[in-house]
Amino acid sequence: GLPECPLCGEAAGRELEAHELHELRNYISFSDTGSDEQLYECPMCSLTCTNIQILEEHVNLHLEEHNFLEGTDLELAQWLQTEEDNRQRSEEEKREREEFKKLQRQYGLDNSGGYKQQFLKNMEREVDRGRMQPFEYHKRKADMMECLAFGIDDGKTKTTGVIEALCKYYQNENKDVRHVWLSTGVDHFHSSLGDKGWGCGYRNFQMLLSSLLQNSLYNDCLRDTTLIPSIPKIQSMIEDAWREGFDPHGASHFNNRLHGSKAWIGACEIYSLLTSLRIKCQIIDFHKPTGPMGTHPHLFEWVLRYYSTDNEGGAKVLCTSKPPIYLQHQGHSRTVVGIEEKKNKTLCLLLFDPGCPSQEMQKLLKQSSDGTSLKLLRKFVGSLKEKQYQIVAVDGVLSLEEKAARCHASQVLTSEKIP
């Protein structure tokens, strides 16, 4: 670095004012070494000169160099700052693009194909790994194409008879259950090669529909739906509900299109679909915990009231006429098929999870005195600790006028989403 100015003690690196330059030159003029030959010393680098003009030129070079460097440093600093700002902006935009693509992939809105494409891709992968023979691939592909053409589920992931098995189990169970309420018969459906990772909402709708089809109250509403629809068919049914005018806000989120995508659906889409079929239902929000440690006791109490209303008999096991309940939280959904009340008054939900494979569900069909397989279904208050939950509960049939009113309400109020 440059030495301090001998006049003021400040660093010589700052830009010198005109009067300081004048004083500096005066200093140069009167500096000498006291010897016979007068020598002039540069106050900036200690170089000695025998001629005052040479020293002045030398000092001027110092000043010009300093001013040039100072200007260059400023420009360089500004350029570097601009480059850094551009780099940060570019990285932020890249991060946002990647996050948006990640969300699109996560919610199936990335145009990567739907159920059929994923089914075929996963089967091809199984063949490549030697876990599926080519002849089986072609047979399953043909079966899938036929089911999709007719819009029906292939039934390969279905387990029937679990509610009936539960009813028998609880009648013989004599340990700690005081009462148990069960839904009307419900078939369990789990995700397949075609919808693994995104199909839980559709699978829960299939479970709910399997129960409604066994209840004569809903015969008229479901006369066009006698068999369980495939996932692509359910997607088309939701699109039909949107075209009728249900939930325009929610429809716009999916660009009014589900068919051929891996889009996740939630409580609002289930509500719109059921209401379009003239099935009376309601969405209930549990948007914050109501118990200690982030628990939701009010959710459990609501489910108890749902099942026990009109089913208050003294019997220990009550196989009600109530349909199951669709239960949604961030990232997943399940189906409530019943509720236990223990002798100590604690409550326990019984849930069908689309993520549970049929091999596990089959265990519930075998009579087991210790009830260990019920761990698949049982959820106590401490087990449900998501921040928010929504349920869709079915409760009867709508008239055409009531359906139209609900459609209009969904347009005016937009969709009933968790705040």
Exercise. Taking the Cα atoms of the range 122-261, report the difference between the largest and smallest coordinate on each principal axis, in whole Å and largest first.
Key: 50, 48, 27
Self-check item: Amide H within-cut-off set for Ile152, under 5 Å, with H built and near neighbours excluded
Solution: Ser230
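Pull out the extension gain between Asn51 and Leu400, defined as 0.36 nm times the separation in residues minus the alpha carbon to alpha carbon distance; nm, one decimal. Mind dumping the intermediate values first?
Values: separation 349, 0.36 × 349 = 125.64 nm, distance 11.05 nm.
Going from the current span to full extension adds 114.6 nm.
Report, for the range 115-417, the % of DSSP beta bridges that are antiparallel, rounded to 5.
Working: 32 of 35 bridges.
Within the range 115-417, antiparallel bridges account for around 90 percent of the total.
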Exercise. Please report, as a whole percent, how much of the solvent-accessible surface of the range 115-417 comes from carbon and sulfur atoms (probe radius 1.4 Å).
Key: 51 percent
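Under a Cβ-Cβ cut-off of 14 Å, what is the net charge of the residues other than Val186 that fall near it, where Lys and Arg count +1 and Asp and Glu count -1? Provide the component values of the computation, followed by the final result.
Working: positive: Lys158, Arg203, Lys322, Arg334; negative: Glu164, Asp187, Asp353.
Computed value for this residue: +1.
Once you have the Cα-Cα distance between Arg89 and Ala409, take 0.36 nm times their residue separation minus that, and quote the gain in nm to one decimal. Walk me through the numbers before you get to the answer.
On the way: separation 320, 0.36 × 320 = 115.20 nm, distance 4.31 nm.
Taking 0.36 nm per residue and subtracting the Cα distance, the gain is 110.9 nm.
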Practice problem: Would you kindly derive the ³J(HN,Hα) couplings of the range 242-259 from the backbone phi angles with the Karplus curve 6.51 cos²θ - 1.76 cosθ + 1.60 (θ = phi - 60°), listing them in order in whole Hz, with x for Gly and Pro? | Solution: 4, 5, 6, x, 6, 6, x, 5, x, 4, 5, 4, 9, 6, 6, 9, 10, 4
Quiz item: Quick one: Cα centre-to-centre distance for the range 386-402 and the range 209-233, in angstrom?
Solution: 16 Å
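Find, among the GluC sites (Glu not before Pro) in the range 380-415, those assigned to loop by DSSP (not H, G, I, E, B) with at most 16 other beta-carbon atoms within 10 angstrom.
Details: sites: Glu386, Glu401, Glu402; in loops: Glu386.
Those satisfying the criteria are Glu386.
Per residue, how much accessible area does the range 115-417 show when a 1.4 Å probe rolls over the protein heavy atoms, in square angstrom?
46 Å²
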Quiz item: Just the projected area, averaged over all directions, of the convex hull on the alpha carbon atoms of the range 115-417: how many nm²?
Solution: 16.7 nm²
Quiz item: List the lysines whose alpha-carbon lies under 18 Å from that of Lys366, not counting same-chain residues fewer than 8 positions away?
Solution: Lys158, Lys168, Lys375
Quiz item: Residues of the range 322-340 with amide nitrogen under 19 Å from the 7 Å Cα-to-Cβ point of Glu99?
Solution: 331
Self-check item: For the range 248-267 and the range 325-360, distance of Cα centres in Å
Solution: 26 Å
Exercise. Subtracting the Cα-Cα distance from 0.36 nm times the residue separation, let me have the gained length for Met293 to Asn172 in nm, one decimal.
Key: 40.1 nm
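The values are calculated or read from the model by the stated rules, or taken from the named source; none is laboratory data. The model shown is predicted, which means the values in this text are computed figures rather than measured ones. Heads up, the Cβs are rebuilt from the backbone with ideal geometry, glycines too, and the neighbour counts pull from every protein chain shown. These area figures cover heavy atoms from the full protein model, side chains too; ligands, DNA and RNA do not enter into them. Shrake-Rupley method; radii C 1.70, N 1.55, O 1.52, S 1.80 Å.
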